[in-house]
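Structure record follows, encoded as C-alpha cells.
The values are calculated or read from the model by the stated rules, or taken from the named source; none is laboratory data. Quantities reported herein were computed from a predicted structural model and do not represent experimental measurements. Cβ sites come from the backbone with ideal geometry, for glycine too, and all protein chains shown count toward neighbours. The area values use the complete protein model at the heavy-atom level, side chains included, leaving out ligands, DNA and RNA. Shrake-Rupley method; radii C 1.70, N 1.55, O 1.52, S 1.80 Å.
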Amino acid sequence: MSLQTEFPFTLPRGYVDPEGNLHREGMMRLSTAYDEIVPMKDSRVQTNPGYLVIILLSRVIVRLGEVTHINPKVIESLFSADLAFLQDFYRRINETGSSRVPVTCPHCEGSFEVEVNGLGG
C-alpha cells in the first residue's frame, strides 16, 4: 500500500495573480515536522504568531493553477474564504491522511464518504 502525499484542491474563490489571471486548482502535500518547526524561527511569526499559517501554507502548497513558486506573498494575496478553506484542508489531510469526510444521507440515512476539495465540499 502506498501513502498518498499530495492532494488536489479547488479554492472557493481563487488566487488572482498580478496579471489578473485567476488560479483555483491546486495541489497540497503533507506537512513534515520540519515544515512546522522552521516557521517558528521566522521573525514575522515571532512578531505576529498569526503569520504562522501564511508561512506554513507557502511551504506545503506545491502548485496553485499555473503558479509553481508559492511564497508568503501569494498566500497573503488570497481571499479570506480561500485562506480558511486551505487551513481546514491542511488540517484534514495532515490529521487523517485524506481529504474525504464521512457523511450521512438525510433521506435514506446511508453513510458514505465524500471528497472535500472546494467544489461543493
Inset, instruction - Within the stretch 39-50, count every residue that is open to solvent by 40 Å² or more (accessible area, probe 1.4 Å) and closer than 13 Å to residue 60 by Cα. - result: 0
Inset, instruction - Starting from the stretch 28-47, keep only residues that are within 14 Å of residue 95 (Cα to Cα), then list their pairs with residues that are in a helix (DSSP H, G or I) and open to solvent by 60 Å² or more (accessible area, probe 1.4 Å) whose Cβ atoms are within a distance under 8 Å, requiring at least 6 positions of separation or different chains. - result: 31/59
Inset, instruction - Using the structure shown, decide if residue 22 is open to solvent by 80 Å² or more (accessible area, probe 1.4 Å), at pLDDT 95 or above and out of contact with any helix residue (DSSP H, G or I) (no Cβ under 9 Å at 6 or more places or on another chain). - result: yes
